[in-house]
Every structure is written in structure tokens, then in C-alpha cells.
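Data block below; observations after.
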């Protein structure tokens with residue numbers, strides 16, 4: 001596979017990543033995020049060589065509704081890990097994207113001031129650009145590259161809307177949901193499905209006049225959590241309070257995550273979960289590749305537009321319409 005124009009060789013990329021050269025790592029992730037076929041194919045060569053050096057981090061998802069204080073929490077939490085525990089931390093954030101420019105609009109590096117200036121931390125904002133639930137297709141590959149670069153803890157921040165929580169659950173070892181108290185019904189907005197996938201729920205902004213509300217929210221959520229069965233990991237979802245502003249409860253959350261990792265390593269769930277995720281990634285990759293192949297096939301676009309009109313006019317049902325399009329696709333494969 002020929003390397004993209006003005007690019008390093010595969011060997012140079014891999015050596016740079018293994019040496020934790022942040023410039024090279026960033027360029028490699030840019031290749032992974034590219035929509036150009038040549039870039040993606042070249043990126044896969046890099047990932048393939050980095051794969052044996054990956055898998056040694058703790059992967060943590062931090063999710064929550066906008067306003068829950070995710071970025072502030074990650075800034076303080078990540079700084080604790082680098083300063084007090086000697087960890088190297090990579091943060092992969094997925095921003096809401098401008099519908100016009102498709103670019104990242106929140107500027108996580110600005111919001112994570114401490115980590116931005118920490119030599120043992122790396123922040124990579126990525127625009128969601130319409131991907132499922134705000135989680136980019138390239139996030140999984142970026143995790144592999146960051147692990148190969150020697151980062152001990154990978155934190156994925158999601159926008160906390162739609163299906164992003166479910167999607168990111170299939171990428172991480174530990175799922176932390178940040179909640180905000182003072183919204184009236186403290187359980188409002190926490191869907192049953194989210195409680196079931198969360199390994200811990202932290203009521204953030206437990207400071208000042210909000211302390212009592214946060215403690216009340218914690219108790220109500222704890223009562224709800226105990227109604228559910230333990231997860232497959234055998235871990236009962238924990239509920240805690242914290243304040244990124246006052247830096248309280250942050251170290252307790254890390255201690256709890258370490259306890260969880262020890263628990264799942266001991267009972268074998270850690271490896272089981274990683275294996276299940278790899279299978280999930282495989283089938284999702286197949287689905288994405290088939291979808292891309294289908295829609296990029298010559299003539300499909302025009303035929304879809306024609307059949308759309310017949311479907312909306314009630315002249316043909318969707319099953320037969322889909323069958324016709326798939327026949328056209330299979331025919332094009334035989335002719336190519």
C-alpha cells in the first residue's frame with residue numbers, strides 16, 4: 001500500500017508512536033479519521049503493527065448530559081492520575097459538530113486547562129460528524145494507537161446524548177456516568193438502560209449550596225440502583241458524590257475504579273469483556289464496510305432516489321424495494 005502524499009513511512013509512524021512522539025501520534029489519528037480510502041488503508045497498516053503493543057491500559061468512559069461537568073471532572077481526574085499516581089493519560093473526546101463545517105465546536109483543550117499543559121497527558125478532540133451517538137468510528141483505532149504510545153489510562157468523553165452511552169460501553173472497561181443534582185426529580189433523565197450499563201454514577205458539583213441536594217440525589221439513585229440485578233461482571237453499580245471545582249471525591253472515584261479492575265481481573269470478566277468487544281468491533285467493521293460498498297456502487301444512488309419515490313407513493317413496499325436494490329448491488333459485484 002502506497003503511503004499518502006507528504007506522509008511518513010509506515011515504519012516511521014510506528015517507531016514514532018512507540019516512542020510516544022505526540023506529533024506522530026496525532027498525524028496517525030488524523031489518518032484514521034480521514035474519509036479518504038488511501039488514508040484509511042494506510043492507517044490500517046499502522047494499526048496492525050501497533051496492535052501487539054496495545055491492550056495494556058485501563059479504558060474509562062465518562063458520560064453525562066451537557067452541563068454535568070464532564071470536561072472539568074476529566075481535567076481534575078486526569079491531573080490526579082498524572083501527578084499523584086504517575087499515570088500517562090490520553091483523553092479522546094467526541095464533540096458535537098457544527099452542521100455546517102462538521103468541525104469540533106467546543107474546544108476541549110481550552111476546557112481542560114490543567115491536562116493541556118501536562119506533559120504526561122494527551123487530549124484529542126474529534127468531531128462527531130454525524131456518527132452514531134456522537135462516537136466516531138475511529139475512536140476504537142485511536143485507543144489502540146494511544147495504548148501503543150504508552151498511555152496507561154484512556155478516557156473517552158462522550159456528548160451524553162442518544163445512543164452514545166451504549167456505543168461507548170462496547171469500547172471500555174469502566175463506565176462512569178456523571179449526574180447533576182437540583183433538577184427536581186433526581187432520577188429524571190437517568191434511563192433504566194443507562195443505570196444498567198454504568199459501573200458507577202457520580203453526582204458532580206457537590207459543593208457550596210448544592211451539597212445537600214447532591215447527597216439527596218445520591219441516596220435516591222442508590223435506592224434505584226439496588227432494584228436492578230448485578231451486571232455480568234458481578235459488580236454492583238456504585239453511587240458517589242464529587243466536586244471537580246473543590247477537588248473532593250475525585251481520588252475516591254479512582255480508588256473505586258482500581259477496586260473494580262481488581263474485581264474483574266480476579267473473576268475473569270476483564271478478559272471476557274475485552275474479547276466480546278473485539279468480536280463486536282469485527283462485526284461492526286463488516287457492517288460499515290458493506291454499507292460503504294453498497295452506497296458507493298455505481299448506479300445505486302440514482303436507483304435509490306427512484307425507488308424512494310415509489311415507496312413514498314405507496315407503489316411498492318419497503319421489503320421489495322430493499323430486495324430490488326440488493327439485487328442491483330449483487331449484480332454489480334458480478335460484473336466488476
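The figures follow:
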{"item": "Search result, residues across the range 63-77 that are crowded, with 24+ Cβ neighbours inside 10 Å and at pLDDT 95 or above", "result": "73, 74, 77"}
{"item": "Yes/no for residue 234 being part of a helix (DSSP H, G or I), within 30 Å of residue 206 (Cβ to Cβ) and in the same structural domain as residue 170 (by TED's automatic domain parsing)", "result": "no"}
{"item": "Residue in the range 203-223 that is surrounded by 19 or more Cβ atoms within 10 Å (Cβ to Cβ) and part of a strand (DSSP E or B) present", "result": "yes"}
{"item": "Residues located in the range 55-75, provided they are outside any loop (DSSP other than H, G, I, E, B) and over 25 Å from residue 263 (Cα atoms)", "result": "70, 71, 72, 75"}
{"item": "Condition broken by residue 259, with the remaining ones in (1) outside the structural domain of residue 200 (by TED's automatic domain parsing); (2) closer than 30 Å to residue 199 by Cα satisfied", "result": "(1)"}
{"item": "Test: residue 102 is over 21 Å from residue 194 (Cβ atoms), assigned to a helix (DSSP H, G or I) and at pLDDT below 80", "result": "no"}
{"item": "Of all residues making up the range 179-224, the number that are modelled with pLDDT of 75 or more, closer than 21 Å to residue 166 by Cα and out of contact with any strand residue (DSSP E or B) (no Cβ under 7 Å at 6 or more places or on another chain)", "result": "3"}
{"item": "Residue match in the range 293-306 (condition: closer than 30 Å to residue 54 by Cβ and surrounded by 12 or more Cβ atoms within 10 Å (Cβ to Cβ))", "result": "yes"}
{"item": "Filter result (touching a residue at least 60 places away in the same chain (Cβ under 8 Å) and buried (at least 18 other Cβ atoms within 10 Å of the Cβ)) within the range 233-253", "result": "242, 244, 250, 253"}
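The values are calculated or read from the model by the stated rules, or taken from the named source; none is laboratory data. Just so it is clear, the structure is predicted and the values come from calculations on it, not from any experiment. All Cβ positions, even for glycine, are placed from backbone atoms using ideal geometry, and neighbour counts span all protein chains on display.
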